[in-house]
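Have a look at the structure below, then the notes.
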Amino acid sequence: MNLKFFKKLIISCLITISIINFAIPTLSAENINEQKTIYLTFDDGPAAKVTEDVLDILKNEQVPGTFFLIGEQIESQENLVKRIYNEGHSIGLHSMTHKKGYLYSSNEHFLKEMLDTQEVINSVLDFKPTILRFPFGCNNNSYRICESMEKLLHENDLKIYDWNVDSGDGANHSASPSTFIKNSKSDKDRIILLMHCSYMSKNSVKALPEIIKYYKDKGYEFKAIDNNTPEEYHIIK
C-alpha cells in the first residue's frame with residue numbers, strides 16, 4: 001500500500017472519531033441519575049365532571065396520575081372508575097367514608113374502611129389496589145400514624161403514600177388557581193404532589209394544565225404510583 005495514502009487514511013479516521021466523540025456526549029451514571037420525577041395525585045374522587053375534566057387534561061397532556069378513591073362515591077360512577085383504570089392511571093384507597101371520627105377511632109376501623117374500599121373497586125375492575133392514602137394525611141390534627149398501624153397495614157399488603165408537596169386545594173378548595181399553581185412548584189428530585197378531584201375542586205382543574213407545563217419545562221418525568229414506588233410517610237415519635 002502507498003505510504004502516503006496510508007497516512008492520509010489514518011488521519012481521516014482520527015478526524016472522524018474525534019467528530020463522533022464530540023457530537024455524542026458520554027452517558028455517565030451522573031447524567032442518568034439527573035432525571036427528576038413527579039407523581040400527580042388526586043384525592044376524593046370519583047366526582048363526576050371534575051374528575052372527568054382532570055382525566056381529559058391528563059389525556060391531552062399525555063401524563064399519568066394516581067387517584068385515591070372514596071369507596072362510597074363509586075356507586076353509580078363505575079364507568080368513571082373504569083375510565084381512570086383503562087387510561088393507564090393508578091388507583092388507590094382513600095377509605096369508604098372519609099369520616100375522620102370513625103376512621104381514626106381505632107386501627108381496626110381504619111383497616112376495615114380500606115379493605116371495604118378495596119372490595120368495592122375489585123367488584124368494578126376485578127383488581128384490588130394495595131396503595132393507600134390516609135384522609136387528611138397520616139399525621140393530622142386528630143391522628144398520628146404509629147408503629148402498630150404501620151405494621152397492621154403492611155401485614156395486609158398495603159402501602160402508604162402521603163405527599164411532600166401540597167397544592168393547598170384541599171384546605172381551601174375555593175382559592176384561586178394561581179394560588180394552587182404557586183403552591184405546587186418545587187425543585188425536589190422526587191415530588192408526590194397532593195391535589196384533589198372532588199366535587200368542590202373546580203379551581204384545581206383550572207390550575208392543572210399550568211402545573212403540568214411547569215414540570216414539563218423543568219424536565220421532570222411524570223409517573224403514576226404503583227407497588228414498586230417507595231412509600232412516602234413519616235412516623236413522628
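Only a single item in (1) assigned to a helix (DSSP H, G or I); (2) closer than 30 Å to D187 by Cβ is not met by E119, and it is number (2).
When you go through I91, I38 one by one, which is the residue that is closer than 22 Å to K188 by Cβ, surrounded by 17 or more Cβ atoms within 10 Å (Cβ to Cβ), touching a Leu at 6+ places or on another chain (Cβ under 8 Å) and touching a residue at least 24 places away in the same chain (Cβ under 8 Å)? First the steps, then the outcome.
Details: I91 fails: closer than 22 Å to K188 by Cβ.
Criteria check complete, one pass: I38.
Residues in the stretch 192-233 that are assigned to a loop (DSSP other than H, G, I, E, B) and among the β-branched types (V, I, T): I225, T229. When L132, L158 are checked against the criterion of being touching a residue at least 60 places away in the same chain (Cβ under 8 Å), over 16 Å from the mean Cα position of the chain (by Cα) and surrounded by 14 or more Cβ atoms within 10 Å (Cβ to Cβ), a single residue qualifies: L158. Scanning the stretch 201-237 for residues that are among the small types (G, A, S) and surrounded by 14 or more Cβ atoms within 10 Å (Cβ to Cβ) turns up S201, S204, A207, A224. Scanning the stretch 109-129 for residues that are more than 15 Å from P46 (Cβ to Cβ) and touching a residue at least 24 places away in the same chain (Cβ under 8 Å) yields F110, L111, E113, M114, L115, D116, Q118, F127. Restricting attention to the stretch 44-97 and to residues that are part of a helix (DSSP H, G or I) and acidic (D, E), the residue that is nearest to S174 (Cα to Cα) turns out to be D53. Consider the stretch 103-125 and keep the residues that are charged (D, E, K, R) and surrounded by 15 or more Cβ atoms within 10 Å (Cβ to Cβ). The one that is nearest to E155 (Cα to Cα) is K112.
Could you say which residue among S184, S198 is among the small types (G, A, S), surrounded by 14 or more Cβ atoms within 10 Å (Cβ to Cβ) and out of contact with any Ser or Thr (no Cβ under 8 Å at 6 or more places or on another chain)?
Within the list S184, S198, the selection yields S198.
Taking the stretch 41-67 as the range and being more than 18 Å from D166 (Cβ to Cβ), among the charged types (D, E, K, R) and touching a residue at least 40 places away in the same chain (Cβ under 8 Å) as the test, the residues that pass are D53, E61. Take the residues in the stretch 60-109 that are touching a strand residue (DSSP E or B) at 6+ places or on another chain (Cβ under 6 Å) and of a type in the set (G, A, S), then tell me which one is nearest to E147 (Cα to Cα). Ranking the candidates gives G92 first.
Within the bounds of the stretch 139-147, is there any residue that is of a type in the set (D, E), in contact (Cβ under 8 Å) with a residue 60 or more places away in the chain and farther than 25 Å from S167 by Cβ? Yes, there is a match, as at least one residue in the stretch 139-147 is of a type in the set (D, E), in contact (Cβ under 8 Å) with a residue 60 or more places away in the chain and farther than 25 Å from S167 by Cβ.
Got at least one residue in the stretch 20-41 being in contact with a helix residue (DSSP H, G or I) (Cβ under 7 Å, 6 or more places away or on another chain) and at pLDDT 50 or above? Among the residues of the stretch 20-41, at least one is in contact with a helix residue (DSSP H, G or I) (Cβ under 7 Å, 6 or more places away or on another chain) and at pLDDT 50 or above, which makes the answer yes. Scanning the stretch 185-210 for residues that are in contact with a helix residue (DSSP H, G or I) (Cβ under 7 Å, 6 or more places away or on another chain) and without any contact (Cβ under 8 Å) to a residue 60 or more places away in the chain turns up K185, N203, K206, A207, E210.
If I go through the stretch 154-180 residue by residue, how many of them are in a helix (DSSP H, G or I), of a type outside the set (D, E, K, R) and over 14 Å from S198 (Cβ atoms)?
4
The values are calculated or read from the model by the stated rules, or taken from the named source; none is laboratory data. Since this is a predicted model, take the numbers as computed values, not measurements. Cβ sites come from the backbone with ideal geometry, for glycine too, and all protein chains shown count toward neighbours.
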